[in-house]
């Protein structure tokens, strides 16, 4: 066959059926895009597998012997119906000869796999009583298919059903829910979010309009044909209770289209809602007691995913656009470790954005005053009224607070770092030794405030990329090294929209009890890029009393992947961490030339085969970071005095 295909350059070609007459032992036959001439009576009787892509006839020849077939693949064919069109006279004759009864002898009694995908002329599937042992029914992309016969309930051995992109399919048989062995059902792109109706006269059309039923119509010879919205409640009733995998992708389903409860699918493990206009995770998802994989990729309207089932191990949230699209993702504290999959970088371009346990972005106007005081931030001119100038990190001119990895940061347009940074150094680096707190012997060092000022100049090439939304300048990569304890944290605050001018980056780094102690030698370095020049750096320390009961930052300290918590997914070598959330969406940590300055020779990516598990929150543990008790007080103080250094 390959020789013939090469000779015909992939075109269809002719073959006489008599060529197969002497192949008595033939069991597997593939004849793709072949025009057969002659009677099909001479086809081998013992065929078990028959593949005939591009079959040119409108129906299956009545004389074709199929009683022993186990697998039949007639994808891309011109057939218009199946199975009712098959009334094999040849089989009837044989049954008369051997005395068997036609009702007892099933025409396709051995068929387990039926594939009719991409048969554009196929209109109906029926007479499933002839398929008693069918296990896999695949009719993908049969764009002309109108109905599936209710007799499908006779196929009690079915385990796999694929009706994807059968866009004209007006209904899915209700009694399909009676099948007890179906594990996978795919109904992608079947327009389940719409219901086609026929309107025979203009009066009916006007009646629909009067009742605010919007119908997009097109004129045909017989009627006006349109579509109205519908929901999935009817489908939930007809879904097999045995389902393990269900795909409803690309069905124009809104959040309101879903039923409130899907607990009837008690063993469902995989649910795919990709490419639907849902704006939040449907509530019914929480009623699935064993759900393991939830996919909502390419749902461009999706804004919130709150409290997905605690049984999840994988959450798929990709987007067509460059960047992450979900504005808020909230987990239950009891959530098991979760793998978040995405094929894109995260671009933090929203004013309000949170993946709980990973990143939180909010306008400065929404940041509680007590939180700012706990960070030791005070006397900041840009915080007056919490409304900023026209040039800032966001499109609306409002400053934003970023929180990730236990690091708070914001940026604003100014020529100098805040005045209360007494310990300063010109250029891109600063070093100091942590002093003991002179305020109280029970005071604990909980954080370091670090600020840097830089001058940004964007040339024409970078400006063009920014305008095309291809590239956003990143802020200087910050590296804090505890030289005494031989620990290093490298952090880059991603994706800010900035203009030329003088800018200040203000950050607060929370640390665990064992990360920073009196007497440790600390070095902080920022890298300069081609479009920026670092003017100066400043440092101040933040302490809190161990005996105080309130902890304003308790929520932020409960996140897992913070300094002092679990940073193992971001570790390159012992004591060295690259704090970059792209780690969650790739197979390893990317070590750039800049990283190599701080990472020991020989350090490589973390094992590529390891899964990157993300756990949002952890039980409060005073041995990890901060105190265990949450509260509302204003207990932290900043000690910027130069004498302490």
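Laboratory data are not the source of any read-out in this text; all were calculated from the coordinates shown. The structure presented is a predicted model; accordingly, all values stated were derived computationally and were not measured. For neighbour counting, all protein chains shown are included, and Cβ atoms are generated from backbone atoms with ideal geometry for every residue, glycine included.
If a paramagnetic tag sat 7 Å from the Cα of residue 369 along the Cα-Cβ line, which residues of the range 551-581 would have the backbone N under 20 Å from that point? What the label zone holds, given the 20 Å backbone N cut-off, is 551-554. Computed from label points 7 Å out along Cα-Cβ, the spacing between residue 433 and residue 252 is 7.3 nm. Sorting 353-360, 17-24, 254-261 by their mean Cβ neighbour count within 10 Å, with the most densely packed peptide first, gives 353-360, 254-261, 17-24. A Förster radius of 22 Å, combined with the Cβ-Cβ distance separating residue 334 from residue 293, puts the computed FRET efficiency at roughly 0.75. Between residue 56 and residue 175, the simple label model (points 7 Å from Cα in the Cβ direction) yields a spacing of 3.9 nm.
The calculated FRET efficiency for the pair residue 129 and residue 78, based on their C-beta separation and a Förster distance of 25 Å, comes to about 0.50. Most tightly packed first, judged by the mean number of other beta-carbon atoms within 10 Å of their residues, the peptides 411-419, 109-117 read 109-117, 411-419.
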